[in-house]
1. Taking Phe224 as the residue in question, decide whether it is closer than 19 Å to Glu142 by Cβ and either surrounded by fewer than 18 Cβ atoms within 10 Å (Cβ to Cβ) or modelled with pLDDT under 95 (or both).
2. Report the residue count in the range 227-252 for those that are free of Cβ contacts under 8 Å to residues at least 40 places away in the same chain and open to solvent by 10 Å² or more (accessible area, probe 1.4 Å).
3. Report the residue count in the range 148-160 for those that are open to solvent by 30 Å² or more (accessible area, probe 1.4 Å) and assigned to a helix (DSSP H, G or I).
4. Taking the residues in the range 284-317 that are open to solvent by less than 50 Å² (accessible area, probe 1.4 Å), assigned to a loop (DSSP other than H, G, I, E, B) and out of contact with any helix residue (DSSP H, G or I) (no Cβ under 8 Å at 6 or more places or on another chain) as candidates, determine which candidate is nearest to Leu151 (Cα to Cα).
5. Among the residues in the range 318-338, are any hydrophobic (A, V, I, L, M, F, W, C), part of a strand (DSSP E or B), within 26 Å of Leu165 (Cα to Cα) and open to solvent by less than 80 Å² (accessible area, probe 1.4 Å)?
6. Within the range 133-145, identify whether any single residue is touching a residue at least 12 places away in the same chain (Cβ under 8 Å) and polar (S, T, N, Q), and answer yes or no.
7. Enumerate the pairs (first residue in the range 170-193 and free of Cβ contacts under 8 Å to residues at least 24 places away in the same chain; second residue anywhere and part of a helix (DSSP H, G or I)) with beta-carbon separation below 7 Å, excluding pairs fewer than 6 apart on the same chain, so at least 6 apart or on different chains.
8. Would you mind stating whether Ile120 is crowded, with 21+ Cβ neighbours inside 10 Å and of a type in the set (Val, Ile, Thr)?
Amino acid sequence: MSDEIHILSASPDYRALLEQISGTYTQGRVRAMQAVNDQLIETYWQVGRHIVEFEQGGKIRADYGTALLASLAKDLSLRHGKGFSRSNLIRIRQFYQAYPNSATLSHQLSWSHIVELLKIDDPLERGFYEQQAGRERWSVRELIRQKESALFLRLAASKDKAGILQLAAQGQIVEQAADLLREPYVFEFLKIPEPYQLSETQLETVLCDHLQPFLLELGKGFTFVGRQYRVTINNTHYKVDLVFYHRILRCFVLIDLKINDVQHHDIGQMNMYLGYFANEENVEGDNPPIGIILSRNKDELLVEYATYQMNSQLFVQKYQLYLPDREALRRELELSLREVEQ
């Protein structure tokens, strides 16, 4: 019997059957878990609706409002066990109020995602993270990280009022090179203590050592190609710090890291790299490469003059190693939203 099992296990047809059954079982489990998640969220939404409609039905909110959720938590927990704590009932009630039409929610979101979204007071900001979490299938941990790094506020800072409203309603849609950019990029996940002392090589190394959160910060669509990518021109060797390929824009993205101010020759060198990749690395179907120089500081005037009539796919962006001042970014956002069209 053991010989027969061994022969059978080595058979290509048996291996194909094994993979087919395994795939079907895995897909079934995923669909079952998704169905359970969808039903849980729908149930919580209905519970929230019952509470809100009861409160709106008469004097109960005025006379017993503070006691209602505490009483429900006690009685529902006795009947059904976990899931009906007072804090969870507060979230469930808030859930219905924030999403009166539950059909608009992405099926990619779990109740834990929704709890994190409900912690965001501003509906514009909440809408952005809802769209982005569903589109990019962020885990709860990734959603929390993007909230803490103020991704919405960073992306909104460079947009006008119409662009901010579109960002909030649709999330970040990548259609052109400029859509990839963030100002600043935040590398707080490196946990580098202040005051930091890093060389460019060390910064490159720790970013590669933390590739998953680095890719999350870069955004959707990036695939890592390599570091210190050799570029040879007339027997002279150069090296691009980091090379990625963007699956959506179908192009190489070259990144150079600078720990000091960007100089004009840094911009010229990146432009040379772009020319090399366009002519030597691109294959049929690839779009022109994009170059991003990441620096702690940026002299806007120098960048403007150094890039005069240069490749429009070359960008100089700032990065920082610590979380941004969220309140300062929020004040800028509110100022942009208050601007009156002339």
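The values are calculated or read from the model by the stated rules, or taken from the named source; none is laboratory data. On a predicted model such as this, the values are computed, not experimentally measured, just so you know. Because the Cβ atoms are built from the backbone with ideal geometry, glycine has one as well, and the counts that use them run over all protein chains shown. Each accessible area value is taken on the protein alone, full model and side chains, heavy atoms only, with ligands, DNA and RNA left out. Shrake-Rupley method; radii C 1.70, N 1.55, O 1.52, S 1.80 Å.
1. yes
2. Number of matching residues: 15.
3. Of the residues in the range 148-160, the ones open to solvent by 30 Å² or more (accessible area, probe 1.4 Å) are 148, 157-160.
Those left that are additionally assigned to a helix (DSSP H, G or I): 148.
Summing the residues that are open to solvent by 30 Å² or more (accessible area, probe 1.4 Å) and assigned to a helix (DSSP H, G or I) in the range 148-160 gives 1.
4. Ranking the qualifying residues of the range 284-317, first place goes to Lys298.
5. no
6. No, the range 133-145 has no match at all.
7. Pairs found: Ile173/Asp179.
8. Answer is no for this residue.
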